[in-house]
């Protein structure tokens with residue numbers, strides 16, 4: 001698939017602003033459109049805490065307080081979208097903007113149906129509002145449920161000049177290989193494919209698989225077979241500094257196995273110092 005429209009949920013947070021820097025960079029390199037999307041979080045507007053405390057500390061009744069809360073959040077949303085537009089236009093881009101009231105992850109997933117890719121920071125304004133203490137429920141929920149590639153951005157910005165792909169032959173990894181090939185072609189990024197296995201025959205088989213797929217294309221590619229634990233080796237490869245974007249399949253194992261053994265996906269995107277593009 002070609003990435004021609006990128007959805008960026010924006011919340012005004014510091015890491016959200018770094019995600020915007022990446023969004024602008026990717027849009028220019030890939031000749032893609034940007035859509036700035038702000039969700040006024042229904043959980044904030046209708047938080048039960050206001051119902052519980054309104055009588056005890058002298059606040060107005062909840063039904064009187066709610067319109068004030070909504071008005072304040074709407075004004076903040078307009079300010080965030082205005083700043084988004086100004087930053088994009090300064091970079092020569094003319095994005096769309098949208099604003100909705102809803103549950104953050106559900107709204108992002110629904111809006112993402114109209115985009116080719118969703119771009120999110122590792123951490124954002126809504127980190128503490130969900131059930132997950134690993135990544136923040138919004139990021140994990142969007143990755144698992146959106147059906148679209150998701151780029152998760154780190155705390156600092158660096159230009160992408162080369163990319164890596166973690167390949168294990170799974171369905172998500174094959175989808176990631178397709179996306180990596182298209183990105184390499186469109187942006188002229190050299191591609192490093194890493195295969196992590198302790199089994200020499202598996203490594204040889206997966207290497208041949210990648211070579212056969214890429215053979216018809218003019219891709220600057222090297223394939224590296226590593227031994228060890230997947231998340232550790234991926235992160236070690238990232239830390240070596242030879243790539244600025246990692247592409248990988250997301251959540252390739254079932255939830256029970258992830259609960260027992262831990263998730264490679266969660267570990268990598270939590271600790272990565274570069275953007276990680278994930279696909280199911």
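The values are calculated or read from the model by the stated rules, or taken from the named source; none is laboratory data. Computed from a prediction, not measured in an experiment: that's the story for all the values here. Here the Cβ positions follow ideal geometry from the backbone for every residue, glycine too, while neighbour counts run over all protein chains shown.
Quick notes
- Residue 45 vs. criteria farther than 30 Å from residue 184 by Cβ and at pLDDT 95 or above: no
- When the stretch 11-32 is limited to residues that are at pLDDT 95 or above and part of a loop (DSSP other than H, G, I, E, B), the one that is nearest to residue 98 (Cα to Cα) turns out to be 32.
- Residue check for residue 214: closer than 20 Å to residue 267 by Cα and modelled with pLDDT of 95 or more: no
- Just one of the listed residues (139, 152) is outside any loop (DSSP other than H, G, I, E, B), within 18 Å of residue 117 (Cβ to Cβ) and modelled with pLDDT of 95 or more, namely 152.
- Taken residue by residue, the stretch 135-142 has no member that is in the same structural domain as residue 274 (by TED's automatic domain parsing) and either crowded, with 19+ Cβ neighbours inside 10 Å or within 30 Å of residue 43 (Cα to Cα) (or both).
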